[in-house]
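Working notes for the structure below.
Computed from the coordinates by the stated procedures, all read-outs in this text should not be read as laboratory data. All values derive from a computational prediction rather than experimental measurement. All Cβ positions, even for glycine, are placed from backbone atoms using ideal geometry, and neighbour counts span all protein chains on display.
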Amino acid sequence: MKTGFMVAAALSLATMLASVAAQDYPSRNVTIIVPYPAGGPTDETARMIAQSLSSQLKQSFIVEDVGGGGSIIGSEKVARAAPDGYTLLVCNLQIAANVSLYESLPFDTVKTFTPVMLINRNP
């Protein structure tokens, strides 16, 4: 059941991105950063989404796990990337929690990241 919802979310994201495809997006590989170690639920979700997007948009969506620092290291990598839609971040509650947990972060969470889509809801 949970897997079916994630795949449906990926298909919805592909549909949304397909409307941007009229502008030739993506015209090259897209990197999806997961700020957690490989093999966890966020990584699994990102890989299902990447597979669906790759097949629907006929371009490679590559998942890169950049764990460490309570998700700050991977998030910072995305924050430093060009804001062109070719580096995406799959995150969870941790990104919001970090604002309260740390005195300073190497990025402004609200100003740096643009939400694209909610892909999962947890109880």
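In the stretch 88-123, which chymotrypsin sites (Phe, Trp or Tyr not before Pro) fall in coil by DSSP and have 12 or fewer other Cβ atoms within 10 Å?
Loop-located and lightly packed - Y102.
Tally Lys/Arg at +1 and Asp/Glu at -1 over every other residue whose Cβ is under 13 Å from the Cβ of Y102; what's the total?
On the way: positive: none; negative: E76, E103, D108.
Combined, the nearby Lys, Arg, Asp and Glu give -3.
Would you kindly derive the ³J(HN,Hα) couplings of the stretch 115-120 from the backbone phi angles with the Karplus curve 6.51 cos²θ - 1.76 cosθ + 1.60 (θ = phi - 60°), listing them in order in whole Hz, with x for Gly and Pro?
x, 10, 6, 7, 10, 7
What ³J(HN,Hα) values, in whole Hz, does the Karplus curve 6.51 cos²θ - 1.76 cosθ + 1.60 give for the stretch 88-100 when θ = phi - 60°, with x put for Gly and Pro?
Rounded to whole hertz, the list is 10, 10, 9, 10, 10, 4, 4, 4, 6, 5, 4, 4, 8.
Can you list which of the trypsin sites (Lys or Arg not before Pro) found in the stretch 51-93 are DSSP loop residues with at most 10 other C-beta atoms within 10 Å?
Details: sites: K58, K77, R80; in loops: K58.
In loop regions of the stretch 51-93 (DSSP not H, G, I, E or B), the sparsely surrounded trypsin sites (Lys or Arg not before Pro) are K58.
Taking one equal scatterer on every alpha-carbon of the stretch 30-97, how large is log10 of I(q)/I(0) by Debye at q = 0.15, 0.24 1/Å?
So the normalised log intensities are -0.43, -1.03.
What are the GluC sites (Glu not before Pro) within the stretch 23-116 that DSSP puts in a loop, where the Cβ has at most 11 other Cβ atoms within 10 Å?
E103
What does the net charge come to around T87 if you take all other residues with beta carbon closer than 11 Å to its beta carbon, with K and R at +1 and D and E at -1?
Summing Lys and Arg as +1 and Asp and Glu as -1 gives 0.
By the scheme Lys and Arg +1, Asp and Glu -1, what is the net charge of all other residues having a beta-carbon under 9 Å from that of Y36?
Here the charged neighbours net out to -2.
Roughly what would the spin-label model give for Q51 and E64, points 7 Å off Cα along C-beta, in nm?
The two pseudo-label positions are separated by 2.2 nm.
What is the list of residues in the stretch 39-78 whose amide nitrogen lies under 12 Å from a point 7 angstrom out from the Cα of V99, following Cα to Cβ?
none
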